[in-house]
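Trainee: Got a structure for you, questions after.
We did not get these values from a lab; they are worked out from the coordinates using the rules stated. This structure is a prediction, so every number in the text was calculated from the model and none was measured. Please note: Cβ atoms are built from the backbone with ideal geometry, for glycine as well, and neighbour counts cover all protein chains shown.
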Amino acid sequence: MAPSSTTHPATRQGGLALIVGVVLLVLASFLWPGGVLLNPVDQTDFPAALEAAAANASLAHLASMMSIIGMFLYGYAASTWLRLAEQGPGGACLRLGAYVSMFGWALYAVAMGMRHFSVHLMQRGAQPGADQAMFESLATNTYVSMAGIVIALVSVYPVGSALVGFGLAARFDSMNIFKLACYGFVLVGVGGAVNFLVLQHVSGIEPLVLLTNDNAMQALGSLLFVIIGVGMYRGRAELTSEA
């Protein structure tokens, strides 16, 4: 059980990083051209998604950079969880879950960099005298490769989510909103794993359906991050450390 002593500054900073990271990523998803709000297109139709982004390149670049910064903030928060890891199964789950999560978020940051570059290539192709067909081909290939890295994240984050959920939940003696949020991470992990397995092994289901399911679980995970972030920032004993 975590001590009920004074909160280490890094813990408060980690909680704030989680909250700000969620805000940045939610804003990025809303600002992305062709995404949720702005001229939405089927994101599994790669040429159409790339054309929609290139049509408002400045906003696409901003959204990609916000996503990358959000991932770095998530990673910092996860590094503070390592301060909480104790001996026993709960501590082992939390420690491994933090490392797996940081790896997954690093994958996403790389993917956003590739998305950023693919839009840049589309801009290059639109310049006078440029070989438009060549640049569009390069951009599409980069975008498809980016999607492959996102799939790698989809295979990783359920493991990290479930392990972090188990690890943090083990630190609570009684049920409360923070422990419920920890079990919510486990639920997100299980749901994400099932969705990924369906994507890989069940035919006849539209990819857009599975993408929508994954986005819904990511949205739930974002809400849970805010709850845990608030607990860390307020100095909840089970989520803090003086070490």
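Trainee: Taking just the alpha carbons, could you work out the radius of gyration and Dmax for the stretch 1-90, both in angstroms?
Mentor: Here Rg and the maximum Cα pair distance are 18.2, 55 Å.
Trainee: Hey, how many Å between the Cα centroid of the stretch 182-223 and the Cα centroid of the stretch 77-97?
Mentor: Distance between centres, Cα-based: 24 Å.
Trainee: Find the relative contact order for the chain and round it to a whole percent, using C-alpha pairs within less than 8 Å whose residues are 6+ positions apart. Intermediate values should be presented prior to the final figure.
Mentor: Working: 389 pairs, mean separation 72.1, N = 243.
Taking the mean separation of contacting Cα pairs over the length of the chain, I get 30 percent.
Trainee: Oh, and also: In whole Hz and in residue order, list the ³J(HN,Hα) couplings for the stretch 34-51 that follow from phi through the Karplus curve 6.51 cos²θ - 1.76 cosθ + 1.60, θ = phi - 60°; x for Gly and Pro.
Mentor: 3J(HN,Hα) across the stretch 34-51, in whole Hz: x, x, 5, 10, 9, 6, x, 10, 5, 6, 8, 8, 4, x, 5, 5, 5, 5.
Trainee: Could you run the Karplus curve 6.51 cos²θ - 1.76 cosθ + 1.60 with θ = phi - 60° over the stretch 111-122 and give me ³J(HN,Hα) per residue in whole Hz, x for Gly and Pro?
Mentor: 4, 5, x, 5, 5, 4, 5, 5, 5, 4, 4, 4
Trainee: Among Val36, Val26, Val154, which comes first, second and so on when ranked by fewest other beta-carbon atoms within 10 Å? Kindly include the intermediate steps, with their values, before the conclusion.
Mentor: Numbers: Val36 12, Val26 16, Val154 23.
Final ranking by Cβ density, sparse to dense: Val36, Val26, Val154.
Trainee: Counting C-alpha atoms alone, how compact is the stretch 163-243: give Rg to one decimal and Dmax as a whole number, in angstrom.
Mentor: 15.4, 52
Trainee: In whole Å and largest first, what semi-axes does the C-alpha gyration tensor of the chain yield when each eigenvalue is scaled by 5 and square-rooted?
Mentor: Working: eigenvalues 266, 73, 39 Å².
Taking √(5λ) for each Cα gyration eigenvalue gives 36, 19, 14 Å.
Trainee: Sticking with this structure for a sec: Would you tally the net charge around Thr44, using a Cβ to Cβ cut-off of less than 13 Å, leaving Thr44 out, and scoring K and R as +1, D and E as -1? Can you show the working numbers first?
Mentor: Details: positive: none; negative: Asp42, Asp45, Glu206, Asp214.
Local net charge: -4.
Trainee: Compare the peptides 217-226, 69-78 by average per-residue count of other Cβ atoms within 10 angstrom and give them in order, highest first. Walk me through the intermediate numbers first.
Mentor: Working: 217-226: 18.0, 69-78: 22.0.
Listed from highest to lowest mean packing, they are 69-78, 217-226.
Trainee: Could you point to the residue in Ala109, Leu37, Val230 farthest towards the positive end of the chain's charge dipole, with +1 and -1 charges on the Cβ of Lys/Arg and Asp/Glu respectively?
Mentor: Val230
Trainee: While we're here: Loop-only check: which GluC sites (Glu not before Pro) in the stretch 136-243 are DSSP coil with at most 15 other Cβ within 10 angstrom? Can you show the working numbers first?
Mentor: Numbers: sites: Glu136, Glu238, Glu242; in loops: Glu242.
Hits after loop and neighbour filter: Glu242.
Trainee: Work out from phi, with θ = phi - 60° and the Karplus expression 6.51 cos²θ - 1.76 cosθ + 1.60, the ³J(HN,Hα) of each residue of the stretch 182-199, listed in order in whole Hz, and give x for Gly and Pro.
Mentor: Once θ is set to phi - 60°, the couplings for the stretch 182-199 become 4, 5, x, 4, 4, 4, 4, x, 5, x, x, 5, 4, 4, 5, 5, 5, 4 Hz.
Trainee: To the nearest 500 deg cm²/dmol, what mean residue ellipticity at 222 nm is calculated for the chain from DSSP H runs of n ≥ 4 alone, each contributing -39,500 (n - 2.57), summed and divided by the residues?
Mentor: Details: 7 runs with 185 residues, N = 243.
The helix contribution divided over the chain gives -27000 deg cm²/dmol.
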